[in-house]
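Trainee: Could you have a look at this structure, given as structure tokens, before my questions?
The values are calculated or read from the model by the stated rules, or taken from the named source; none is laboratory data. Note that the coordinates shown come from a computational prediction; the quantities given were computed from them, not determined experimentally. We place every Cβ from the backbone using ideal geometry, glycine too, and count neighbours over all the protein chains shown.
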Amino acid sequence: MAAAEEVAEMVNATFSKAYLFKLLGSELADKRLADQIYKMGLDLEASSDEEITIDFPANRLDLIEIVGFARALRNFMRKGKAAKYEIKGVHIAAQIEVDPSLKDIRPFISAMVVEGIKFNEQSLKHLLNFAEKFTFTYGRQRKKLALGLHNLDTMGTDLRYEAAKDEEFVPLNSKSKMHFSEVLKKTEKGAAYSGTIGGASAKSYPVLRDSKGVISLIPIINSERTKVDVSTKNLFIEITGTSKYTVEKSVDLFAALFIDMGAKVSRVKVSYKGTTSLLPRLQSATMDIPLLAIEGNIGVIIGFNNVISLANKMGYKAGLVGKKVRFWIPEYRLDILNQQDVIEDIAIAYGYDYIQPVPIYAEQAGEYERSTIRNQRVSELMMGLGFSEAMNTHMTNEASNFSDMRLKASDHDHVTVRDAKVQNITMLRTWLLPSLLRNLGASAHEKMPQKIFELDLTFIVSSMGVEEKYKLAGVITDPKSNFNQMKAIIEEILYDLGSTFQVKQNLHSSFIDGRCASVRVDGREIGVFGELHPEVLGNFGIEEPSIAFEIELW
């Protein structure tokens with residue numbers, strides 16, 4: 001189903017059973033609790049007498065905090081009802097001016113004031129853990145979004161979000177002042193997140209300050225002055241990021257969370273140059289979905305009344321509008337983008353165990369593609385020739401694919417990874433031999449001879465764009481290996497494929513001069529074979545002479 005972000009990972013959260021039961025208003029036996037978690041479409045990873053650990057889809061951020069999970073579980077067990085979240089009034093002391101200089105750094109901010117909160121060790125721990133998971137997953141490790149919790153009672157007035165020079169403040173859990181540049185180098189949070197604002201090369205720093213000074217170096221660390229602990233009664237919460245919608249919608253989730261905790265939430269006035277926003281908005285969107293679409297997607301006849309009841313079970317309010325069901329999307333849901341997201345929730349509430357699978361009848365029998373049949377035959381032939389099959393990833397890097405093979409990356413068009421996060425995954429491979437040589441280098445201590453092959457896709461850039469091509473490559477590492485041995489193997493493969501071919505002496509930087517040849521079929525060069533150059537072998541940590549080939553399959 002669609003989600004607000006393309007998020008593939010799961011997030012786990014550990015909850016205190018005693019605190020969860022307090023929020024639910026009653027205790028649950030372990031078996032019933034596990035059963036309800038399963039029916040909600042979640043995975044119970046671990047359970048003890050004191051705690052439970054649950055795996056959540058990372059887009060369901062409203063469930064990862066214990067208060068939000070308890071709210072959803074109450075609704076699912078029909079012990080609660082869809083809440084209406086309302087905010088009355090704007091907090092006069094908390095108004096933020098946003099400096100236009102942040103436009104190209106981190107331009108957007110939302111905030112709210114929470115009063116009358118009652119923390120204990122458990123509730124504060126759960127909140128801080130959730131805030132960390134929230135910014136790590138949905139916030140993309142604080143690059144897209146970051147959150148700060150502050151003690152409102154220690155703050156001044158005249159809040160301003162701006163880009164500052166390298167000045168001093170006392171960071172969280174520190175007793176002395178530090179320059180912003182020092183924070184990035186000397187603190188754990190600075191080292192982890194300095195890249196979000198340019199790292200050591202940063203010329204200006206996004207900060208939130210009040211009349212008393214800096215309260216946060218964003219998105220790195222808050223000030224010690226506004227530290228939150230169990231005695232804190234009133235909070236100021238700010239969320240900053242690169243997307244106005246994401247920043248402003250995220251504050252709705254936290255507003256609903258604190259209202260559920262019994263606190264009073266007030267809006268904050270955020271002023272940009274020429275525009276002003278009062279946040280959180282906490283506006284509930286609506287979505288009208290035809291009943292036939294709901295039943296057709298799920299595959300069962302449910303009926304209007306049952307759909308409404310199931311919607312309530314998932315925290316929605318719902319009603320009939322003609323032949324459609326109108327859903328009021330909960331204010332705290334960040335993952336609902338289209339009808340499929342709502343229909344998925346109705347299916348979960350209905351129960352997948354009660355949805356009978358429908359057999360799919362094909363008009364004709366399926367069959368293997370010609371390339372699959374060919375690949376299977378060639379693989380069997382290679383194993384018959386004494387080779388072991390290797391399977392490697394399609395991803396590689398320029399050093400392995402080109403430099404280690406004595407080639408220049410600039411001479412070969414290839415598909416690169418934009419904003420690569422690690423140095424060893426920067427491109428799609430253009431051929432198979434480097435991967436096989438890396439395999440042999442890792443097993444250089446094994447008994448000789450070694451014979452391995454791979455048959456898989458490579459990725460070529462041509463005038464047609466990016467083309468996927470199946471190639472076959474093999475390597476033999478053996479002191480007795482020679483050019484003629486590999487020539488005989490190539491002939492065996494091509495005879496088996498029923499091809500008329502020619503072998504012609506060739507020069508290739510990866511092979512020894514005079515001991516390399518190209519293979520041509522129907523006048524077109526399809527590959528190369530020969531004795532590998534000693535420098536190539538050394539680059540991969542291979543000490544024995546080796547012969548290799550690589551050909552394109554057609």
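Trainee: Out of the residues in region 124-162 that are crowded, with 19+ Cβ neighbours inside 10 Å and of a type in the set (S, T, N, Q), which is nearest to LYS233 (Cα to Cα)?
Mentor: Filtering region 124-162 for residues that are crowded, with 19+ Cβ neighbours inside 10 Å and of a type in the set (S, T, N, Q), the one nearest to LYS233 (Cα to Cα) comes out as ASN151.
Trainee: Tell me, please, whether a residue that is of a type in the set (Val, Ile, Thr) and either not assigned by TED's automatic domain parsing to the domain that holds VAL207 or not in a helix (DSSP H, G or I) (or both) can be found in region 131-142. Spell out how you get there, then give the answer.
Mentor: Here is the first cut: in region 131-142, the residues of a type in the set (Val, Ile, Thr) are 135, 137.
If we keep only those that are either not assigned by TED's automatic domain parsing to the domain that holds VAL207 or not in a helix (DSSP H, G or I) (or both) as well, we get none.
No, region 131-142 contains no residue that is of a type in the set (Val, Ile, Thr) and either not assigned by TED's automatic domain parsing to the domain that holds VAL207 or not in a helix (DSSP H, G or I) (or both).
Trainee: Follow-up question, since we're still on this one. Quick check, is ILE52 out of contact with any Ser or Thr (no Cβ under 8 Å at 6 or more places or on another chain), modelled with pLDDT of 95 or more, under 21 Å from ILE348 (Cβ atoms) and not assigned by TED's automatic domain parsing to the domain that holds ALA255?
Mentor: Values: out of contact with any Ser or Thr (no Cβ under 8 Å at 6 or more places or on another chain): no; modelled with pLDDT of 95 or more: yes; under 21 Å from ILE348 (Cβ atoms): yes; not assigned by TED's automatic domain parsing to the domain that holds ALA255: yes.
In short, no.
Trainee: For region 83-116, how many residues are outside any strand (DSSP E or B) and over 12 Å from LEU159 (Cα atoms)? Spell out the reasoning first.
Mentor: To start, the set of residues in region 83-116 that are outside any strand (DSSP E or B) comprises 83-89, 99-107, 116.
Restricting the remaining residues to those that are over 12 Å from LEU159 (Cα atoms) gives 83-89, 100-107, 116.
Within region 83-116, residues that are outside any strand (DSSP E or B) and over 12 Å from LEU159 (Cα atoms) number 16.
Trainee: Tell me, yes or no, whether region 329-350 has at least one residue that is at pLDDT below 95, outside the structural domain of PRO57 (by TED's automatic domain parsing) and surrounded by fewer than 11 Cβ atoms within 10 Å (Cβ to Cβ).
Mentor: Within region 329-350, none of the residues are at pLDDT below 95, outside the structural domain of PRO57 (by TED's automatic domain parsing) and surrounded by fewer than 11 Cβ atoms within 10 Å (Cβ to Cβ).
Trainee: Does region 123-130 contain any residue that is modelled with pLDDT under 95, closer than 22 Å to SER204 by Cβ, of a type outside the set (Asp, Glu) and more than 24 Å from the chain's Cα centre (by Cα)?
Mentor: No: region 123-130 contains no residue that is modelled with pLDDT under 95, closer than 22 Å to SER204 by Cβ, of a type outside the set (Asp, Glu) and more than 24 Å from the chain's Cα centre (by Cα).
Trainee: Which pairs do you get when a residue that is within 30 Å of ASP413 (Cα to Cα), found in region 467-487, comes within reach of a residue that is among the hydroxyl-bearing types (Ser, Thr, Tyr) and not in a strand (DSSP E or B), reach meaning Cβ atoms under 8 angstrom, with the pair 6+ apart or on two chains?
Mentor: As it stands, the answer is TYR470/SER371, since those pairs meet every condition given.
Trainee: Follow-up question, since we're still on this one. Within region 454-498, can you find the residues that are within 22 Å of ASN392 (Cα to Cα) and small (Gly, Ala, Ser)?
Mentor: Hits for region 454-498 are ALA473, GLY474.
Trainee: Cβ-Cβ under 8 Å, sequence separation 6+ or interchain: first residue in region 515-528 and assigned by TED's automatic domain parsing to the domain that holds GLN502, partner aliphatic (A, V, I, L, M) and not in a strand (DSSP E or B). Which pairs?
Mentor: Close Cβ pairs (under 8 Å, with a partner that is aliphatic (A, V, I, L, M) and not in a strand (DSSP E or B)) amount to CYS516/LEU507; VAL519/ILE490; VAL519/LEU494; VAL521/LEU494.
Trainee: Take residues that are under 27 Å from the mean Cα position of the chain (by Cα) and among the hydrophobic types (A, V, I, L, M, F, W, C) and tell me which of the helices (runs of 4 or more DSSP H) falling wholly in region 333-423 contain 1 or more. It would help to see each step written out before you state the result.
Mentor: Values: elements: 339-350, 370-384, 398-401.
So the answer is 339-350, 398-401.
Trainee: Can you name every residue in region 19-49 that is without any contact (Cβ under 8 Å) to a residue 60 or more places away in the chain, over 23 Å from GLY351 (Cα atoms) and in a helix (DSSP H, G or I)?
Mentor: LEU20, PHE21, LYS22, LEU23
Trainee: Right, here's the next one. Being closer than 30 Å to ALA70 by Cβ and either buried (at least 20 other Cβ atoms within 10 Å of the Cβ) or of a type in the set (A, V, I, L, M, F, W, C) (or both): is that true of TYR205 here?
Mentor: Working: closer than 30 Å to ALA70 by Cβ: no; either buried (at least 20 other Cβ atoms within 10 Å of the Cβ) or of a type in the set (A, V, I, L, M, F, W, C) (or both): yes.
Taking the combined requirement at face value, the residue does not satisfy it.
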